[in-house]
Amino acid sequence: MTKDSLKNLKDAIQLNCHISDAQYAGNYTLCIYLLKMREFYRWEKSIPYSQKLSNDDIGDWLTKREAHWDEIDELSFENLFPEPDKSIDCFDADSINTSLAEHNLVYSAGFGHYGKPVFVLADLESKTQVDEYSLTICGHEHIRELAAPPGMSHGKHIFIRKESLKRFIWEKVEESRWYSKDNPLARALGYYDFENNIEQSLKQMTSLETDTVLHHEIGEVRASQLLGENWNDMVMQMPRSQAEFMARAIKDHLADAISTLPRLIKNNDPAQIHFYFANLSGMRREIFPALMDSYLQWKEKADNGILQNVAAQSLQHWQNIAENLLDMFTETGLNGLRDLENMVKRNYLEAIV
């Protein structure tokens, strides 16, 4: 790939990132949106974590960015041209990566929460095999959009974005300053020295949490294999609704019961376990009250058998609920969303025996 071709490719990826943000940024609550935009500004301007951000500078940048989004929010995503005569769909990451190999860069494209298109161009840090999974570790990110999920999977190919994971952790550090110190997040962060050594603490925590992200993604792959392609088709058809949030939360819990929770139990690292439960929120927490109850029992008794029990019992529960949900949707389609919601509500996992 020539230098000019690489520049054109980067420009097209960046435009697609802006289009995705323009079309989906409104899905966040105002608080989450502002927090994400603060850290997006920090990333874009390469500002160290230890440096305080200027609210005036962020405000000016935010105004200009939102004005740009207004100009492009109805555009379609651009095809990518790694060579002048070679047009590739922007979601065909494998083909793009073939052209990027000589530059030690990696490109990933997929869909995140609420179906938001997610694109990233980053330095390729490593490629390895973990059991039957191909694992790509992404380093410094040159181009990204607002969401920046730390992990993504395509088939059995898993991408871990270390820089995005580090920034996600930093967002949690910032968030922790707003709330009580007696919660899972404060307990997790208490194992690190964020007060005196931000960069070292972020490095240590990112290294540990990379393992959690990897095993959640492995769980996502295995859950997809259990549920089949019709599950993803169903979720993509659903409008932004309680039914959609429930479906995504159910699959997350299934993935965690398959892979994430067993891995946390095996590692037996309190900081890692506390941080997992610090991120149990929203619909995931609502439909599975027994999970947080089990965490509180584990915290008091330091007994991993409690977590083993909740993982084992929840696996079959969430697989059954997911299959019922899919059967109902196949029969009623979008006309039956209220019935789907009521079925899930009747089957909240409130207690583990």
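What FRET efficiency, computed as 1/(1 + (r/R0)^6) with R0 = 25 Å and r the Cβ-Cβ distance, is obtained for M343 and H154, rounded to the nearest 0.05? Could you put the intermediate results ahead of the total?
Details: r = 30 Å, r/R0 = 1.22.
Computed FRET efficiency for M343 and H154: 0.25.
With each run of n ≥ 4 DSSP H residues scored as -39500 (n - 2.57), what mean residue ellipticity at 222 nm is computed for the chain after dividing by its residue count and rounding to the nearest 500 deg cm²/dmol? Working shown, then result.
Numbers: 15 runs with 210 residues, N = 353.
One gets -19000 deg cm²/dmol as the mean residue ellipticity at 222 nm.
Assuming 0.36 nm per residue, please report the length gained on full extension of the stretch S95 to S241 beyond their Cα-Cα distance.
Details: separation 146, 0.36 × 146 = 52.56 nm, distance 3.44 nm.
The span from S95 to S241 would gain 49.1 nm if fully extended.
Using the Cα atoms of segment 153-242, I'd like the radius of gyration and the largest Cα-Cα distance, Dmax, both in angstrom.
Over segment 153-242's Cα set, Rg and Dmax evaluate to 17.0, 50 Å.
Which aspartates and glutamates have a Cα lying under 17 Å from the Cα of K52, excluding residues fewer than 8 positions away in the same chain?
E39, E44, D60, E171, E174, E175, E195, E199
Using 0.36 nm times the number of residues separating M292 and N27, minus their current alpha carbon distance, what extension gain do you get?
Numbers: separation 265, 0.36 × 265 = 95.40 nm, distance 2.64 nm.
In short, 92.8 nm is gained.
I'd like the projected area of segment 3-161, averaged over all directions, using the convex hull of its alpha carbons. Report it in nm² with one decimal. Write down the numbers at each step before the final one.
Values: hull surface 41.9 nm².
So the Cα hull casts an average projection of 10.5 nm².
For S95, S20, what's the fewest-to-most ordering of other Cβ within 10 Å of each Cβ? Write down the numbers at each step before the final one.
Details: S95 15, S20 20.
Ascending number of Cβ neighbours within 10 Å: S95, S20.
Express in nm, to one decimal, how much length is gained between W178 and N79 on full extension, taking 0.36 nm for each residue of separation and deducting their alpha carbon distance.
Details: separation 99, 0.36 × 99 = 35.64 nm, distance 4.25 nm.
Computed gain between W178 and N79 is 31.4 nm.
Using alpha-carbon positions, what is the distance between the centroids of segment 44-114 and segment 273-333, in Å?
Each part's Cα centre sits 34 Å from the other's.
What percentages, rounded to whole numbers, describe P(r) for segment 184-346 computed over all alpha carbon pairs with 10 Å bin width beginning at zero?
Bins of 10 Å from zero give 10, 36, 31, 17, 5, 0 percent of pairs.
Given R₀ = 51 Å, what would the calculated FRET efficiency be for N104 paired with D303, taking r from the Cβ atoms and rounding to 0.05?
That pair, N104 with D303, gives E of 0.65.
Relative contact order of segment 184-346: what whole-number percent is it, with Cα pairs under 8 angstrom and at least 6 residues apart?
Working: 146 pairs, mean separation 49.5, N = 163.
After rounding, I find 30 percent.
Using Cα positions and a limit of under 16 Å, work out the aspartates and glutamates in reach of K299, with same-chain residues fewer than 8 apart set aside.
D182, D269
Above 31 Å lies some portion of the pair distances; for the chain, what is it as a whole percent of all C-alpha pairs?
For the chain, the share of Cα pairs beyond 31 Å comes to 38 percent.
Of D233, D123, how do they rank once you tally other Cβ atoms within 10 Å and put the fewest first? If you can, show how the numbers build up before the last one.
Details: D233 12, D123 16.
Ascending number of Cβ neighbours within 10 Å: D233, D123.
Let me know the Kirkwood hydrodynamic radius for segment 197-276, please, with Cα pairs as the basis and the value in Å to one decimal.
It is 14.1 Å.
So for V353, V120, fewest C-beta neighbours within 10 Å to most, what's the order?
V353, V120
For the pairs K10/K156; K64/K162; K127/K156; K36/K156; K116/K166, flag any whose C-alpha to C-alpha distance is greater than 23 Å. Mind dumping the intermediate values first?
Details: K10/K156 26 Å; K64/K162 28 Å; K127/K156 13 Å; K36/K156 29 Å; K116/K166 21 Å.
The answer is K10/K156; K64/K162; K36/K156.
With a Cα-only, solvent-free Debye model of segment 94-185, what are the log10 I(q)/I(0) values at q = 0.16, 0.25 Å⁻¹?
One equal scatterer on each Cα of segment 94-185 leads to -0.70, -1.31.
No value in this document is a laboratory result; all are computed from the given coordinates. Bear in mind the structure is a predicted one, so any value in this text is a computation, not a measurement. Virtual Cβ from ideal backbone geometry, glycine too; neighbours counted across all protein chains shown.
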